[in-house]
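Below is one structure, written out as structure tokens; the observations come after it.
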Amino acid sequence: MQTTNILWQTEEELFHIVKKELYTAVVGDIMDKLGYLHQFLPPQIKPLRQDMFVVGRAMTVLEADVFGEEGNRNPVLKKPFGLMLEALDDLRPNEVYVCSGSSPSYALWGELMSTRAMKLGAVGAVVDGYSRDTNGILELDFPTFSYGRYAQDQAPRGKVIDFRVPLEIKGVKVNPGDIIIGDSDGVCVVPAEIEEEVFTGAIEKARGEKIVQKKIQDGMSAKEAFETYGIM
């Protein structure tokens, strides 16, 4: 999907600006103003390392708990990881692997998955559960957002049952192609249908905040700054 705007001409240009100038707080503020009040994933989903940052399009993955492989009628459930390997191999450049649907009792992401994702040009992983192989992921420097570090494997406990399908994570809807942005303050979801309006507003607000910060440093009061610039 390509996007054009007076501030950017291609998706790559947009993501470059986001990485250079934006952060989840300012993006979330703009979505609040537009009436999109529930776009942040739960605060338990955090970066493995404080300085990790991700921006890319959601490649959604639906996981489900399983309790053994005996008696399953669905052939997908007879496979060791369900459709996880197919989902992983389907990642495209600038995409983020976003996985949910299972109980948070095992790891949904690891080092080898990160290695394959990087090879395909994917830019991060956001999972509604745990990740493992932490040292390996940190060595790869692959942006990974999860509940934290927990080695228990998904293989006998959960399987991917579909991908590139709509997800809901604690009340937040995530559709394939939505833009995911994550940093040390959390992960938010920008619906594709409002992305131009959101990022135009966020870029303008972030640049305005620099001006306001300078004015406050020079002695302007918070009240005067807000009345003058409408930013705080």
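Structure above, values below:
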| item | result |
| --- | --- |
| Scope region 64-101; condition touching a helix residue (DSSP H, G or I) at 6+ places or on another chain (Cβ under 8 Å) and among the acidic types (Asp, Glu); matching residues | GLU69, ASP89 |
| Pairs, first in contact (Cβ under 8 Å) with a residue 24 or more places away in the chain and aliphatic (A, V, I, L, M) in region 148-160, second open to solvent by 50 Å² or more (accessible area, probe 1.4 Å) and part of a loop (DSSP other than H, G, I, E, B), C-beta under 6 Å, six or more apart | ALA151/ARG132; ALA155/PRO80 |
| Some residue of region 44-55 being charged (D, E, K, R), modelled with pLDDT under 95 and part of a loop (DSSP other than H, G, I, E, B) | no |
| Looking only at region 154-169, and only at residues there that are at pLDDT 95 or above and part of a loop (DSSP other than H, G, I, E, B), the one that is least open to solvent (accessible area, probe 1.4 Å) | VAL165 |
| Hits in region 30-46 - residues which are surrounded by fewer than 16 Cβ atoms within 10 Å (Cβ to Cβ) and in contact (Cβ under 8 Å) with a residue 40 or more places away in the chain | LYS33, LEU34, HIS38, PRO42, PRO43, GLN44 |
| Members of region 78-97 that are open to solvent by 30 Å² or more (accessible area, probe 1.4 Å), under 13 Å from GLN154 (Cβ atoms) and over 22 Å from the mean Cα position of the chain (by Cα) | LYS79, PRO80, PHE81 |
| GLU224 open to solvent by 60 Å² or more (accessible area, probe 1.4 Å), modelled with pLDDT of 95 or more and in a helix (DSSP H, G or I) | no |
| Tally of residues being touching a residue at least 24 places away in the same chain (Cβ under 8 Å) and part of a helix (DSSP H, G or I) across region 176-205 | 12 |
| Filtered residues of region 195-219 (kept if farther than 15 Å from VAL18 by Cβ and crowded, with 18+ Cβ neighbours inside 10 Å) | VAL212 |
| Pair list, Cβ < 7 Å and 6+ apart or interchain, from region 206-231 residues that are among the basic types (Lys, Arg) to residues that are open to solvent by less than 100 Å² (accessible area, probe 1.4 Å) | LYS215/ALA225 |
| Filter result (of a type in the set (D, E, K, R), without any contact (Cβ under 8 Å) to a residue 60 or more places away in the chain and out of contact with any helix residue (DSSP H, G or I) (no Cβ under 8 Å at 6 or more places or on another chain)) within region 102-131 | LYS119 |
| Residue selected from region 91-108 under the condition aliphatic (A, V, I, L, M) and in a strand (DSSP E or B), by the criterion nearest to ALA64 (Cα to Cα) | LEU108 |
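The values are calculated or read from the model by the stated rules, or taken from the named source; none is laboratory data. Quick caveat, the model's predicted, so the values are computed rather than measured. Here the Cβ is made from the backbone with ideal geometry for all residues, glycine too, and neighbour counts use every protein chain on show. All accessible areas refer to the heavy atoms of the entire protein, side chains included, with ligands and DNA or RNA removed. Shrake-Rupley method; radii C 1.70, N 1.55, O 1.52, S 1.80 Å.
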